[in-house]
Amino acid sequence: MPTCVNVRSDDEALVSKRREVAERVIAEFPAQLLVNANLLCFFDSADCQTLRSEFGKANRGVFAPVERETFCAPPWPHYVFEMVFVDDFPASLEWRQIFHQLIYLHGSTCVTNVGLTMTFAHELQHCIQYLRERKLWTTNTTVTRFFPREVLTLAGVKVFHIPIELEARMSSKRIAQKMWGVRAVDEYIQTRIKESSTEADLEDWQFVRDLDHSSSCELATDTIKLFKRLTPYKAQINRTLEELCSDSRFDNLDFGELPFASTFTSE
């Protein structure tokens, strides 16, 4: 199924405007990967507080693969869930899955063209990572979502240091500058810095502000470097991996097959 853009609003002009911006962003990514991705891009009219509870109050958007027993399944709004899983009764007693990847943007994220563009490009880059380098995406996501916070703090690892997050930030800034100009993007970033709701969000936007065209990211190489940086905390990380392996939500994920997982799981 082709990528689907859904804008939730009763204002037809607003729907048309946001859809146009979204389609311009999509055009910046490899069409051959997205054409059969079964991807729903949902632009909400409101902010979803259950997602904010899951990902932090500064969260602006989310990408996630959607499975019936999904890895990292967040609490989607009911109207998004009902687009992904359709009631197929009486043909079937089960919900029929329409989409297998989902990008969600909060309503407040979509207020400005630059804000919509940067967050959507960021999440689309995560989708491309998942489609093209699934094990690397899973490895990095495991670090961001499940490695002990105290370990990352001790190692001096911020979210934006993690390779898939660095690449997404680079891509979002580049595409936004191409679409709206350097000055507009700089002004938007400065606004986000002034209005940051957490210290982590402030540091994040300062990091994005300082990214330039000389910045680079190579997912495989940089993931190896990240894991080497975390090696002194092998014992704590192994305990976390053991806990995840015993969690039924991760039955379909073999941590032993993840790139570089042997750095932590071997004796």
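Laboratory data are not the source of any read-out in this text; all were calculated from the coordinates shown. What you are looking at is a predicted structure, and each value in this text was computed from that prediction instead of being measured. Heads up, the Cβs are rebuilt from the backbone with ideal geometry, glycines too, and the neighbour counts pull from every protein chain shown.
Which value in nm describes the separation of the simple spin-label points at GLN32 and SER216, placed 7 Å from the Cα toward the beta carbon?
2.4 nm
Cut-off under 13 Å on the C-alpha distance; same-chain residues fewer than 8 positions from LYS194 excluded. Which aspartates and glutamates are left, in chain and number order?
The qualifying aspartates and glutamates are ASP186, GLU203, ASP204.
Please work out the C-alpha center-to-center distance from the range 113-184 to the range 30-62 and express it in whole Å.
13 Å
Assuming 0.36 nm per residue, please report the length gained on full extension of the stretch ALA13 to GLU199 beyond their Cα-Cα distance.
63.3 nm
Just to be sure I understand: with springs between alpha-carbon atoms less than 10 Å apart, which residue in HIS126, HIS106, HIS213 has the highest mean-square fluctuation in the Gaussian network model of the chain?
Ranking HIS126, HIS106, HIS213 by mean-square fluctuation puts HIS213 first.
Divide the volume of the convex hull of the Cα atoms of the range 60-188 by its number of residues and quote the answer in cubic angstrom per residue.
It is 137 Å³ per residue.
Run the numbers on the range 97-225 and let me know its relative contact order in percent, using alpha-carbon pairs under 8 Å that are six or more apart.
Computed value for the range 97-225: 28 percent relative contact order.
Report the net charge of residues surrounding THR198, where surrounding means a beta-carbon distance below 14 angstrom and charges are Lys +1, Arg +1, Asp -1, Glu -1.
After counting each charged neighbour, the total is +2.
Which one, ASP186, ASP204, ASP88, has the greatest fluctuation when you compute a Gaussian network model over the chain with C-alpha springs under 10 angstrom?
ASP88
Please give the calculated 222 nm ellipticity per residue for the chain, where each DSSP H segment of at least 4 residues contributes -39500 (n - 2.57) and the sum is spread over every residue; nearest 500 deg cm²/dmol? All intermediate terms of the calculation are to be shown ahead of the outcome.
Working: 13 runs with 143 residues, N = 267.
One gets -16000 deg cm²/dmol as the mean residue ellipticity at 222 nm.
Simple spin-label model, 7 Å along Cα-to-Cβ: HIS78 to GLN206 in nm?
4.3 nm
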